[in-house]
Amino acid sequence: MQSNTLIAMPLPPHRSGAIIEAVEHRNVDGARVRAAAACASQAIPAAWRMRPEGQRNLTEAQYTQLVVHCCYPQVLEAAFTLPGVAEVAARVQLLVAEIDI
């Protein structure tokens with residue numbers, strides 16, 4: 001796994017291609033990538049704090065791991081397209097709701 005200081009844990013190698021595709025699809029510079037990654041990094045714990053009752057059994061670390069391993073490319077894409085952390089957190093919640101936990 002490659003280390004990344006912008007998220008709470010290393011990115012899983014099986015998601016690398018999708019993450020690269022999300023970045024290349026946007027044709028953005030490094031500053032925009034860092035800003036999107038920082039937004040995603042803030043949105044994941046925000047989504048955890050607002051998680052529905054059915055997900056209350058997940059710790060913050062478990063929730064973060066679930067998001068990073070299952071849908072981080074989509075979260076990063078949302079961070080490129082949505083206006084702020086709250087909107088990205090709402091998207092994270094929708095993505096997690098689609099996962100059969």
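Read-outs throughout are calculated quantities, based only on the coordinates presented, and are distinct from any laboratory measurement. No experiment lies behind these values; they were computed from the predicted model shown. Cβ: placed from backbone, ideal geometry, glycine included. Neighbour counts: every protein chain shown.
Which order do L82, L76 fall in if you start with the one that has the fewest other Cβ atoms within 10 Å?
Lowest to highest Cβ neighbour count: L82, L76.
Could you give each residue of the range 23-37 its phi-based ³J(HN,Hα) in whole Hz, using Karplus coefficients 6.51, -1.76, 1.60 with θ = phi - 60°, and x for Gly or Pro?
Taking θ as phi minus 60°, the curve returns 6, 5, 4, 7, 6, 10, 7, x, 5, 5, 5, 4, 5, 5, 5 Hz for the range 23-37.
What is the projected area of the convex hull of the Cα atoms of the range 13-97, averaged over all directions, in nm²?
Average projection, Cα convex hull of the range 13-97: 5.2 nm².
Net charge near W48, counting Lys/Arg +1 and Asp/Glu -1 over other residues with Cβ under 12 Å of its Cβ?
Within the 12 Å Cβ shell, the charges total +2.
Report the FRET efficiency, 1/(1 + (r/R0)^6), for R34 and T81, where r is their Cβ-Cβ distance and R0 is 22 Å, rounded to 0.05.
0.85
Please order C39, C70 by the number of other Cβ within 10 Å, starting at the fewest.
So the residues, fewest neighbours to most, are C70, C39.
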